[in-house]
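Undergrad: Below are the structure tokens for one structure; questions will follow.
The values are calculated or read from the model by the stated rules, or taken from the named source; none is laboratory data. Worth saying up front: this structure is predicted, and the values here are computed from it rather than measured. For neighbour counting, all protein chains shown are included, and Cβ atoms are generated from backbone atoms with ideal geometry for every residue, glycine included.
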Amino acid sequence: MSFKVIKPSFLSTIQDYGRFGYGKHGLSQSGVMDEHAYCWGNYLLSNHFNDGVIECTFGNLTLEAQTNTFIALTGAEVDFRINNKTASMWCCVQVLKGDILSIGRVKNGIRNYLAVKGGFNSPVLFDSKSVNLRENIGNKLVAEEVLPCEKHTKIKYREIPKRYKPNYQKKVVLRLIPTYQFNDFTQQQRDLFFRQSYKIDNASDRTGCRLKGKPIIKQHPMISEGLSYGSVEITTDGLPIILLKDMPTIGGYPKIGTVFSLDLAKLAQQQANNEVKFLAIDINQAQQARKTFNTFFNIRIN
């Protein structure tokens, strides 16, 4: 009862909601980059919100089903096929033993999420199945690898309502929560930060998203301190880095704010040279939106 990797992609790993409570030991949060697509994949299959999925970056992944079960593919727009026949995304799909699943090259977006009913039964390390290559926790998928899962023959059919299906071609506006160092920046520097459109640098990955644009001159020595997911550091070259799931746990750059967590899912699907802008948001607005999302997907972090 499993899936076998026939052709691995550029980068495919097992991920779940993330690794929490280990920052004091220097371990990143890790977990899926696009929380929206991930949560919908598990929701469509009536899974637990934390069930493990395959995060496939830039497509081109081929698997063989070695059991009867149900899957859901979400995320980037790709040519998705089962036994060389076009298959649907963002809904429950039945697969049978011997079926060949092919995730083609991405058309829009970057990352896909392949969820299976009951989740993939990969090893749990530090309370999470999430792979973090930077910290040598787990490995990316390779040819002939076998991914255990459970057999299922019945399921309640679900598909995503059209209003919730994302448009990865839409220009991204990242809502920013000002943090305690926000007022360390001058009004001129803050105006420049919010006024301009930045471009995503090629040197971006699961650790952080580097942005290109007009620099904000902000250079002074800092003692390294704890970091949070979504922190926007202004480096010595005056340009922002948005810290992502595999970020380090401490750093010494000043931080102008933190990107609202639900907007980081949109950022996770943006390719190099796409443009992003920032918009200030009140923390109470962010908390209310976060509460609504967590309630719908039954997300509970102890």
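Undergrad: Could you say whether any residue in the range 218-229 is under 20 Å from THR57 (Cβ atoms) and outside the structural domain of LEU133 (by TED's automatic domain parsing)?
TA: Scanning the range 218-229 turns up at least one residue that is under 20 Å from THR57 (Cβ atoms) and outside the structural domain of LEU133 (by TED's automatic domain parsing).
Undergrad: Quick check: anything in the range 272-292 in a loop (DSSP other than H, G, I, E, B) and among the basic types (Lys, Arg)?
TA: Scanning the range 272-292 turns up no residue that is in a loop (DSSP other than H, G, I, E, B) and among the basic types (Lys, Arg).
Undergrad: Do the conditions hold for SER102, that is, is it outside the structural domain of ALA268 (by TED's automatic domain parsing) and in contact with a strand residue (DSSP E or B) (Cβ under 6 Å, 6 or more places away or on another chain)?
TA: When the stated conditions are applied, SER102 passes them.
Undergrad: Among the residues of the range 40-65, write down those that are in contact with a Ser or Thr (Cβ under 9 Å, 6 or more places away or on another chain) and farther than 19 Å from SER9 by Cβ.
TA: TRP40, LEU44, ASN50
Undergrad: Return the residues of the range 103-116 that are under 27 Å from THR153 (Cα atoms) and out of contact with any Lys or Arg (no Cβ under 9 Å at 6 or more places or on another chain); say none if nothing qualifies.
TA: ASN112, TYR113, LEU114, ALA115, VAL116
Undergrad: With LYS266, LYS291 as the choices, which residue is at pLDDT 95 or above and surrounded by 14 or more Cβ atoms within 10 Å (Cβ to Cβ)?
TA: Testing whether each residue is at pLDDT 95 or above and surrounded by 14 or more Cβ atoms within 10 Å (Cβ to Cβ) leaves just LYS266.
Undergrad: Could you pull out the residue among ILE82, ILE71 that is surrounded by fewer than 23 Cβ atoms within 10 Å (Cβ to Cβ), at pLDDT 95 or above, over 20 Å from CYS209 (Cβ atoms) and not charged (D, E, K, R)?
TA: ILE82
Undergrad: Here are some residues: SER9, SER30. Which one is modelled with pLDDT under 95, under 19 Å from the mean Cα position of the chain (by Cα), among the polar types (S, T, N, Q) and assigned by TED's automatic domain parsing to the domain that holds ASN108?
TA: Result: SER9 is the single residue among SER9, SER30 that is modelled with pLDDT under 95, under 19 Å from the mean Cα position of the chain (by Cα), among the polar types (S, T, N, Q) and assigned by TED's automatic domain parsing to the domain that holds ASN108.
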